[in-house]
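The values are calculated or read from the model by the stated rules, or taken from the named source; none is laboratory data. Everything numeric here is computed off the predicted structure, so don't read it as measured data. Cβ coordinates were reconstructed from backbone atoms using ideal geometry, including for glycine residues, and neighbour counts include every protein chain displayed. We work out accessible area using only protein heavy atoms, side chains counted, and drop any ligands, DNA or RNA first. Shrake-Rupley method; radii C 1.70, N 1.55, O 1.52, S 1.80 Å.
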Amino acid sequence: IEIPTIEIAALQDYSEMDAALARIQNYEWIVFTSVNGVHAVFDRLGKQQIPTIKIAAVGPATATALRGYGAKVDLLPLTYTTDAIATEFKKFDIADKSILLARADIAPDLLPNALKKLGARVEQITAYRTIIPAQASKNIRAILDSGTIDVVTFTSSSTVRNFIGLLNGETHSMDCITIASIGPVTTETAIALGLKVDIEATEHTIPGLVQSLISHFKDPKTEAFK
């Protein structure tokens with residue numbers, strides 16, 4: 001049962017993004033932390049080719065999207081989180097190097113702060129907006145009240161925040177539901193907002209989350225089999 005808690009929206013003002021892309025050849029690196037960021041940047045570039053600067057991707061889906069535009073991915077961490085990207089950058093000399101981050105409007109500061117600690121000159125641009133879909137609150141409440149949900153999956157911190165916000169912070173309806181998280185950052189957000197996370201994907205991708213769900217419910221110790 002799909003209940004989107006995030007809707008991707010275009011920017012209302014492209015002046016900042018256009019200005020950064022106009023001087024894209026001046027950057028040493030450009031970092032993409034989502035597929036949405038890739039599409040937003042390349043759609044805005046249009047027929048303009050991305051120059052031969054180095055490109056980092058947060059995970060395989062983002063890397064695949066980049067390759068679809070003919071871009072070469074120079075950095076892809078083994079663990080698909082922004083923490084891992086920051087760690088991988090320690091292998092490169094980025095002191096005094098210019099790095100462009102193309103991100104969502106609600107992206108946290110962990111990655112840019114980590115890169116700045118390594119001496120990089122970091123510029124962030126908002127590539128797209130995230131908004132809460134209309135009718136989402138009504139749909140969530142109706143489904144949870146039905147008592148038919150066994151598992152709720154969260155694929156990003158913003159999905160957790162929006163979900164809890166739509167419930168006005170009332171999490172009691174989740175007490176008997178298994179909660180599955182795509183990775184440690186999402187888990188941390190969920191716990192901070194009062195949720196108990198039962199499953200965390202080992203590989204921080206959608207296929208990884210699915211596999212973790214399968215493994216959980218195959219385990220004889222899982223409550224469903226008692």
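For the reader, a short list of remarks on this structure follows.
- Karplus (6.51, -1.76, 1.60) ³J(HN,Hα), θ = phi - 60°, over segment 75-83, in Hz, Gly and Pro reported as x: 9, 9, x, 6, 10, 8, 9, 5, 4
- Amide H contacts under 5 Å for His204, placed H, 5+ residues apart: Tyr80
- Remark: accessible surface ordering of Ile8, Ile1, Ile53 (largest first) is Ile1, Ile8, Ile53, probe radius 1.4 Å.
- Convex hull per residue volume in Å³, alpha carbons only, for the chain: 133
- Whole-percent carbon and sulfur share, accessible surface of segment 103-188, 1.4 Å: 50
- Tensor-based shape of segment 1-77 (alpha-carbon gyration tensor, a/c under 1.5 rounded, otherwise prolate or oblate): oblate
- Once both labels are positioned 7 Å from their Cα atoms along Cα-to-Cβ, the gap between Thr79 and Leu118 label points is 1.5 nm.
- Computed from the C-beta positions of Lys218 and Arg23, the FRET efficiency with R₀ = 45 Å rounds to 0.30.
- HN-Hα J in Hz across segment 62-72 - Karplus 6.51, -1.76, 1.60, θ = phi - 60°, x for Gly and Pro: 5, 4, 4, 4, 5, 5, x, 9, x, 8, 9
- Residue-averaged 222 nm ellipticity for the chain, from DSSP H runs of 4+ at -39500 (n - 2.57), nearest 500: -11000 deg cm²/dmol
- Centre-to-centre separation between the Cα atoms of segment 16-95 and those of segment 159-215: 28 Å.
- Ranked by the mean number of other Cβ atoms within 10 Å per residue, highest first, peptides 84-92, 132-140 order as 84-92, 132-140.
- Calculated FRET value between Glu16 and Asn168, using beta carbons and R₀ = 30 Å, to 0.05: 0.35
- Å² of accessible area per residue within segment 84-213, as computed with a 1.4 Å probe and no ligands counted: 50
- Counting 0.36 nm for each residue step from Arg67 to Glu188 and taking away their Cα separation leaves a gain of 40.4 nm.
- Excluding ligands, DNA and RNA, the accessible surface per residue across segment 1-43 is 52 Å² with a 1.4 Å probe.
- Derived scalar couplings between HN and Hα for segment 85-99 equal 4, 4, 5, 4, 5, 5, 7, 10, 8, 10, 4, 6, 8, 8, 10 Hz in order, rounded to whole Hz, by the Karplus curve 6.51 cos²θ - 1.76 cosθ + 1.60 (θ = phi - 60°), x for Gly and Pro.
- Cys176/Asp109 FRET efficiency (R0 35 Å; Cβ-Cβ; nearest 0.05): 0.45
- The accessible-area ordering, largest first, of the residues Asp109, Asp93, Asp74 stands as Asp93, Asp109, Asp74, per a 1.4 angstrom probe.
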